[in-house]
Amino acid sequence: MADASPATQSPISGASVRRGDRVFGGLSKYAGITVLVIMAAIAVFLVWRSIPSFLSNSANFLTEEGWFPDADPPVFGIGSLLFGTLVSASIAMLLAVPVGIGIALFIVLYAPRALATALAFVTDLLAAVPSIIFGLWGLQVLISGSEGVQRWMDSYLGWTVIFDNRLDLYGKSLFIASIVLAIMILPTVAAISREVILQVPAGHKEAALALGATRWEMVRMAVFPFAKPGMISAAMLGLGRALGETIAVALILSAVFEINVHLTEPGGNTFAANIALKWNEAGSNGLSALIASGLVLFFLTLSVNMIARWIIARRAEFSGAN
């Protein structure tokens, strides 16, 4: 058979394809190195600006609950900030991740097409709402609207200590902040989980149903193994936003620098909210102390993402796609 005519040959030659691959590979490598350099530069800047406060601090930086960096002598620590940040983000994750994954499963596998389209649109729209709107809603509506629920938890779940309210005051608390954070990260978790579930090969689901599995068994045996790494990534992105949220938390929390396990009592603070509230009024040593707390938040977020990446890498060995 005669060779194909020049008119029928691909206009892209092998040499140009290889050249394009080399250019794209070089740009990708450059972009990756640039990201690492920027992260290293941020870490160096934070450490450099934090050194004065570390040297002047007269209290234990990790355990001290007060925040008086411009006093004489300076006394400040991150104990209460670390507690508030971790507790609020953890509760938000416990509330948002199961609901977000459930919403994604319902949209993809259970809901009629018209309802699924509407729910997907609303979910994506919620992700675009500014955080200050959630904060104002929590401040004006949720605090007063949830008082009855908090009193019920105090009466029937107070034995857990967590929901015990010794002051009989229900206002700005870590519990309210956690609920607002959960609502804020819910669209992110739901939207990414939905896209991951949509990528599950139809053959996997059809094979499970053909073997007699119920719909839930199909989800558990065919969908979850394939989508689990993506769901973990969605949860970690939500956690990253919860750890670094500023304005909404600053509006809701009363800045109290103490570790209080009674989560419905007023008080609590986080790294991001404290930086936003204290920055304009801080002196030179106070600014250094705030940067030091930002350094801790930076390494906390980096550690969370590294752990998430390690979990995803382990799960990727068998994701159902191999």
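All conditions in (1) touching a Leu at 6+ places or on another chain (Cβ under 7 Å); (2) modelled with pLDDT under 60 hold for residue 9, with the sole exception of (1). Looking across region 257-299 at every residue that is closer than 19 Å to residue 62 by Cα and surrounded by fewer than 17 Cβ atoms within 10 Å (Cβ to Cβ), the one that is modelled with the lowest pLDDT is identified as 258.
A search for C-beta distances below 7 Å between a residue of region 61-83 that is farther than 16 Å from residue 281 by Cα and any residue that is among the acidic types (Asp, Glu), counting only pairs 6+ apart in sequence or on different chains, returns 65/258; 75/64; 77/64; 77/65; 79/64; 79/65; 80/65; 80/258. Looking across 88, 50, 56, one residue alone is surrounded by 14 or more Cβ atoms within 10 Å (Cβ to Cβ), of a type in the set (S, T, N, Q), under 21 Å from the mean Cα position of the chain (by Cα) and within 21 Å of residue 271 (Cβ to Cβ). It is 88.
Going by the conditions given, is residue 199 surrounded by fewer than 17 Cβ atoms within 10 Å (Cβ to Cβ), under 27 Å from the mean Cα position of the chain (by Cα), of a type outside the set (A, V, I, L, M, F, W, C) and under 24 Å from residue 309 (Cβ atoms)? Yes.
The values are calculated or read from the model by the stated rules, or taken from the named source; none is laboratory data. Predicted model only: the values in this text are computed from it and were never measured. Quick reminder, even Gly has a Cβ in these numbers, built from the backbone with ideal geometry, and neighbours come from all protein chains shown.
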